[in-house]
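Chemist: There's a structure below that I have some questions on.
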Amino acid sequence: MADRVIFGSDHAGLALRAEAVKVAKAAGLDAEDLGPFSGDSVDYPDYARQVGEAVAGGRARLGVLVCGTGIGMSIAANKVKGVRAAHATTEFEARMARAHNDANVLCIGERVVGLGLGGAIVKAFLETPFEGGRHARRVEKMTAMER
Ligand code: RB5
């Protein structure tokens, strides 16, 4: 599999999603953008589901979802088995979500963090590896809750 990151948003996250795609491409990653591509109002669970299923199914290694707050996207994405979606408002949270929680989907709110901080949060998420070790045991316990 190419090192692919998959992106989706609702109408409230169009600009930050575009910024996030740019950040991923600048990092040399393969970016798949599921849209939407107009400003028409859409329902965030539809995009959370598509991105979540793509990550859980192995089509992409990581996903990034953007809505107004990032909250609806995170609630919805976490309904998909195999998804560990993290809502982040700081670079620190994004780094920790990867390093300690092995989060595979990042959820961010364009109306909360804007483009500058939002782009930095995405970069932090994409460049941070999972630390494994004691954290792997805890992640496995979360996975066991899905069975
Ligand atoms: C859309 O207005 C808004 O509700 C949505 O983008 C998101 O913030 C939901 O969590």
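Chemist: Return yes when residue 15 is over 13 Å from the mean Cα position of the chain (by Cα), surrounded by fewer than 24 Cβ atoms within 10 Å (Cβ to Cβ) and free of Cβ contacts under 8 Å to residues at least 12 places away in the same chain and no when it is not. Steps first, answer last, please.
Modeler: On the way: over 13 Å from the mean Cα position of the chain (by Cα): yes; surrounded by fewer than 24 Cβ atoms within 10 Å (Cβ to Cβ): yes; free of Cβ contacts under 8 Å to residues at least 12 places away in the same chain: no.
In short, no.
Chemist: Within segment 130-147, how many residues turn out to be open to solvent by less than 80 Å² (accessible area, probe 1.4 Å) and either without any contact (Cβ under 8 Å) to a residue 24 or more places away in the chain or more than 13 Å from residue 62 (Cβ to Cβ) (or both)?
Modeler: 8
Chemist: Note down all Cβ pairs under 9 Å where the first residue falls in segment 43-55 and is of a type in the set (A, V, I, L, M), the second is part of a helix (DSSP H, G or I) and open to solvent by less than 90 Å² (accessible area, probe 1.4 Å), and they're at least six residues apart or on different chains.
Modeler: Qualifying pairs under 9 Å: 48/72; 48/73; 48/74; 48/76; 48/77; 51/73; 51/77; 55/77.
Chemist: Give all pairs with beta carbons closer than 7 Å in which a residue from segment 57-79 that is more than 8 Å from the ligand (Cβ to nearest atom) meets a residue that is of a type in the set (S, T, N, Q) and open to solvent by 10 Å² or more (accessible area, probe 1.4 Å); count only pairs at least 6 apart in sequence or on separate chains.
Modeler: 62/104; 63/104
Chemist: Let me ask you something else. Taking the condition within 11 Å of the ligand (Cβ to nearest atom) and modelled with pLDDT of 95 or more, does residue 89 pass?
Modeler: Working: within 11 Å of the ligand (Cβ to nearest atom): no; modelled with pLDDT of 95 or more: yes.
Against the criterion (within 11 Å of the ligand (Cβ to nearest atom) and modelled with pLDDT of 95 or more), residue 89 does not qualify.
Chemist: Looking only at residues that are closer than 18 Å to residue 140 by Cβ and among the charged types (D, E, K, R) in segment 80-129, which one is most open to solvent (accessible area, probe 1.4 Å)?
Modeler: Looking at the filtered set, the residue picked out is 81.
Chemist: If you don't mind, there's one more thing I want to ask. For the condition farther than 18 Å from residue 119 by Cα and either of a type outside the set (Asp, Glu) or buried (at least 20 other Cβ atoms within 10 Å of the Cβ) (or both), what is the one hit in 26, 54? Spell out the reasoning first.
Modeler: Values: 26 fails: farther than 18 Å from residue 119 by Cα.
None of the other options fit; the residue is 54.
Chemist: Quick one: is residue 48 open to solvent by less than 70 Å² (accessible area, probe 1.4 Å) and within 16 Å of the ligand (Cβ to nearest atom)?
Modeler: In short, yes.
The values are calculated or read from the model by the stated rules, or taken from the named source; none is laboratory data. Since we're looking at a predicted model, the values are computed, not measured. Note that we place each Cβ from the backbone using ideal geometry, even for glycine, and neighbour counts take in every protein chain shown. Keep in mind that these areas ignore ligands, DNA and RNA; they rest on the heavy atoms of the full protein, side chains included. Shrake-Rupley method; radii C 1.70, N 1.55, O 1.52, S 1.80 Å.
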